[in-house]
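The structure under discussion appears below in the form of structure tokens.
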Amino acid sequence: MDEREQIRDRIDLVEFIGRYVTLTRAGSTYKACCPFHQEKTPSFVVSPERGTWHCFGACGEGGDLFKFLMKVEGLEFFDALKKLAAEAGVELARKRQAPDPLDPVREIMGRTAAFYATALHRTDEAKIARDYLRHRGVAPEMVNTFQLGYSDRSSDSLVSFLQGQGFSESHVLQTGLLYHDEKQGSYRDRYRGRLMFPIRDTRGRVVGFGARELDGEARGAKYINSPTTPLFNKSQVLYGIEQAGGPIRKLGEAVLVEGYLDVITAHQFGFANTVACLGTAVTPAQLGLLRRYTSQVVFALDADAAGQQATLRGLERARATLRASNRDDRNAGHNRPAMALRIASMPEGRDPDELIREDTGGWKKVTDDALTLVNFYANHAERVFDLEVPEQKQKAVELLVEVLAEVHQEVARDEYVKQMESRFATAPGLLQRMVGDRMRLPEPDSVVAETDTEVGWEEPSRRPAVQLQEPGSLRNELERKVLLVLLRDPHRLHGQINAVLAGFEADLPALTAQDFIDNQARTLYGLLLNIESDDEWDVDEFMSGLDEAPASYLQRVLAEQDNVLSGMAMEGNTNREACGEAVGLLLRMRELESHRRLKTINMVQDGEAYRAGMVHLRRIQGLRHAYNPLQPGRAAALANS
């Protein structure tokens with residue numbers, strides 16, 4: 001019996017779930033209102049005989065003990081496993097649980113947050129920060145909840161503190177807390193004379209800092225964030241998510257604001273489902289993070305011109321992310337509701353912090369009355385286009401068609417089309433036909449970075465290694481799963497995979513490093529193929545010889561083995577079965593790449609290239625749908641016939 005079976009045997013599923021919801025017996029099962037969406041009629045069913053739970057209502061979620069804890073507390077699988085193992089008294093095997101090389105860096109960040117917090121409360125110099133917080137009306141309990149701090153004006157106070165703690169220079173430099181002063185030839189504190197906002201991940205660990213100048217003599221911008229580090233990328237975190245995760249899940253909705261004080265003020269006045277995007281246009285990774293908690297997100301960014309432009313940029317990215325996310329849910333048979341965005345119309349010249357303090361009822365009305373995407377873009381089109389000019393009206397309608405085609409629910413889409421036909425005075429049925437035509441065009445399966453301008457249909461070997469997607473994307477997940485298969489028996493499986501690819505009569509190129517667009521995946525692939533022999537292949541030994549960055553990424557790849565979406569990639573299956581799965585994953589990766597390339601071609605200006613792209617895409621799709629991973633050789637023959 002493996003560890004997970006032992007845990008399931010020792011923890012009563014009904015008792016455990018009953019800690020979070022009130023269960024009522026219904027024959028051999030138990031029922032309750034679903035904890036993952038709002039409902040009045042119980043549709044959440046727990047089956048102790050099967051050891052499973054399922055919501056037969058709007059969200060359609062379901063799973064076992066582990067999936068419930070992951071969902072209800074927003075945990076990754078390994079964190080849920082550790083927590084349940086501790087409760088069940090099951091000792092976990094230590095295989096592949098090598099120390100995380102970033103743990104010392106996290107410890108430095110945590111101690112630094114405490115260092116800044118102590119300075120805020122105890123030093124005379126920090127009076128300027130305490131006065132600022134008092135002037136802004138930040139309650140003492142909020143100062144403690146968010147562990148606000150102060151960095152003094154000295155250039156080496158943090159340097160001295162960290163040296164006294166005995167941390168290695170290499171670990172300290174990975175935090176981004178210091179910078180190298182070329183003139184002095186030494187390291188200096190990055191933050192001086194600033195109010196400090198620790199930024200945490202979903203597990204409450206400090207990964208970065210925001211810092212606000214206070215004396216009007218700032219070296220640089222009024223607000224600055226940590227630079228990109230192994231722990232921190234501002235496009236992949238949300239300020240306040242640790243505190244807001246539970247309320248978001250309970251209320252079924254997240255409110256997204258721009259600044260640190262917007263979040264703190266919202267929480268202080270009872271709007272605890274509020275998080276901030278750190279002053280950036282919202283990113284796919286941030287939306288993916290919110291997707292763990294809810295399918296409903298309200299944008300409430302500043303009403304000034306910069307805030308409106310940030311909202312538009314964020315919505316463009318968000319729409320691309322939602323297209324991929326909602327489509328992947330449908331393809332996988334998930335019955336959870338499509339993710340939906342609404343946009344709050346902020347009063348002119350007011351930001352969330354000001355509005356909440358002056359009129360909490362007004363803030364609630366603003367978020368309650370937030371516009372759907374369709375209505376927001378309709379307002380935007382009326383504002384920027386002169387509808388009396390035919391060419392301008394054409395552009396306005398084309399913008400609406402793009403948004404309407406992305407509405408997942410058929411009834412809602414039909415109703416919106418009727419409303420927009422009336423609002424924009426288009427001919428009866430015209431808008432419906434345009435939306436239908438747009439929906440028949442292939443959609444991109446991945447979110448392309450703004451810097452990606454690649455066009456054409458060159459072979460993968462000619463494509464540079466670039467990071468085109470956020471780390472949480474479907475493409476990157478597929479790449480990790482292919483690597484997971486290879487980790488079983490690198491050289492032999494690599495040869496078997498390429499033998500199957502060669503069996504197709506569709507001129508499929510062999511698996512190479514160019515199939516991986518994630519730089520980390522490409523690096524790990526190269527390292528796997530550079531090992532001398534598979535005769536005594538051992539993952540732990542391989543990991544021990546890696547540098548910190550590839551070792552950390554390898555741990556993430558290994559986590560796929562225990563993910564509920566993982567297939568037959570590793571233990572308990574033959575190389576033939578593992579090879580079969582890898583080829584299926586690779587075909588899906590190449591289909592996504594074909595979609596991505598097709599999206600870069602202007603159908604009107606370069607019709608020939610677009611048609612060639614469609615032929616290429618349909619060929620890959622045909623191969624993928626005919627392919628049977630359990631019988632790779634036979635499937636290749638069928639695909640060729």
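Key figures for this structure:
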{"read-out": "Stretchable slack from residue 154 to residue 489, in nm (0.36 nm times residue separation minus alpha-carbon distance)", "value": "115.2 nm"}
{"read-out": "Trypsin sites (Lys or Arg not before Pro) lying in DSSP loop within segment 1-57, provided at most 10 other Cβ fall within 10 Å", "value": "19, 40"}
{"read-out": "Qualifying lysines (Cα of each under 19 Å from Cα of residue 82; at least 8 residues distant if same chain)", "value": "67, 71, 95"}
{"read-out": "Added length on full extension, which subtracts the Cα-Cα distance from 0.36 nm per residue, residue 269 to residue 169", "value": "31.8 nm"}
{"read-out": "Added length on full extension, which subtracts the Cα-Cα distance from 0.36 nm per residue, residue 222 to residue 618", "value": "137.4 nm"}
{"read-out": "In segment 52-137, the GluC sites (Glu not before Pro) that fall in loop regions by DSSP, at most 11 other Cβ within 10 Å", "value": "91"}
{"read-out": "Given charges at Cβ of Lys, Arg, Asp, Glu: segment 3-88 dipole, positive-most of 28, 62, 85", "value": "28"}
{"read-out": "Cross-link reach list, lysines versus residue 127, counting only Cα pairs under 19 Å and skipping chain neighbours closer than eight places", "value": "222"}
{"read-out": "Under the Karplus curve 6.51 cos²θ - 1.76 cosθ + 1.60, θ = phi - 60°, whole-Hz ³J(HN,Hα) for segment 132-145, x wherever Gly or Pro sits", "value": "4, 5, 5, 4, 7, x, 7, 5, x, 5, 6, 4, 6, 4"}
{"read-out": "GluC sites (Glu not before Pro) restricted to segment 350-422 and DSSP loop, no more than 11 other C-beta within 10 Å", "value": "388"}
{"read-out": "Charge dipole magnitude, Cβ of K and R +1, D and E -1 - segment 144-293, Cα centre, debye nearest 20", "value": "400"}
{"read-out": "All lysines inside 28 Å of residue 599 as judged from Cα atoms, apart from same-chain residues fewer than 8 positions distant", "value": "234, 393, 395, 481"}
{"read-out": "Residue 499 paired with residue 15, simple spin-label distance in nm, labels 7 Å along Cα-to-beta-carbon", "value": "5.2"}
{"read-out": "Summed residue charge, Cβ within 9 Å of residue 245's Cβ, Lys/Arg positive, Asp/Glu negative", "value": "0"}
{"read-out": "Computed E for residue 134/residue 345 - FRET, C-beta separation, R0 30 angstrom, nearest 0.05", "value": "0.45"}
{"read-out": "Rel. contact order, % - alpha carbon contacts under 8 angstrom, at least six apart, segment 386-440", "value": "38"}
{"read-out": "Label-point separation, residue 364 to residue 386 (7 Å along Cα→Cβ), nm", "value": "4.5"}
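Every number here is computed from the coordinates shown, using simple stated rules; none is lab data. Just so it is clear, the model here is predicted, and its values are computed rather than measured. Using ideal geometry, Cβ is built from the backbone for each residue, glycine included, and neighbour counts are taken over all protein chains shown.
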